[in-house]
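I have placed the structure first, in the form of structure tokens, so that the comments after it can refer back to it.
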Amino acid sequence: MSSKTASRWKRMRDDDSRETERVLRAEFPATDAYRYNSASIRVRVVDERFKGKTLEKRDAMVDRLLQTLPERLQAEILNLTMLYPGESEASLTARLANEEFEDPTPSQL
């Protein structure tokens, strides 16, 4: 895929977002991340194990890995979307979160 047709968020990846992906992909292979602006990283994790789990339980599953990142990176992860496969078709909230990840609104920073 050429950079012209690549998703905008894929062009927003940097070393910090790649490090975040590396850590999370050890347990959650379907993880993507990008730098939204100079102070914020967005992360999306899609995993079948999230199905039927509350946001708090999903967060606990992911947080233990995030805790291994440097504190600076942890502080920059301001948007963490955790979905199970197909959830964005079943839930309006999940669909909106996924759409914002895929096509981020322009940052004010």
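Any read-out appearing in this document is the output of simple, stated calculations on the displayed coordinates, not a laboratory observation. Everything numeric in this text was worked out from a predicted model, so none of it was measured. Neighbour counts are summed over all protein chains in view; Cβ atoms, including those assigned to glycine, are modelled from backbone coordinates with ideal geometry.
Structure above, values below:
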quantity	calculated
Test result for residue 58, of a type in the set (D, E, K, R) and out of contact with any strand residue (DSSP E or B) (no Cβ under 8 Å at 6 or more places or on another chain)	no
The range 22-55 - residue that is among the charged types (D, E, K, R) and either over 22 Å from residue 96 (Cα atoms) or out of contact with any strand residue (DSSP E or B) (no Cβ under 7 Å at 6 or more places or on another chain) (or both) and, of those, surrounded by the fewest Cβ atoms within 10 Å (Cβ to Cβ)	48
Subset of the range 10-30 (residues that are of a type outside the set (A, V, I, L, M, F, W, C), under 17 Å from residue 104 (Cα atoms) and out of contact with any Ser or Thr (no Cβ under 8 Å at 6 or more places or on another chain))	10, 13, 14, 17
Test result for residue 91, loosely packed, with under 11 Cβ neighbours inside 10 Å, more than 19 Å from residue 22 (Cα to Cα) and out of contact with any Lys or Arg (no Cβ under 7 Å at 6 or more places or on another chain)	no
Hits in the range 67-95 (condition: assigned to a helix (DSSP H, G or I), within 13 Å of the chain's Cα centre (by Cα) and over 20 Å from residue 38 (Cβ atoms))	94
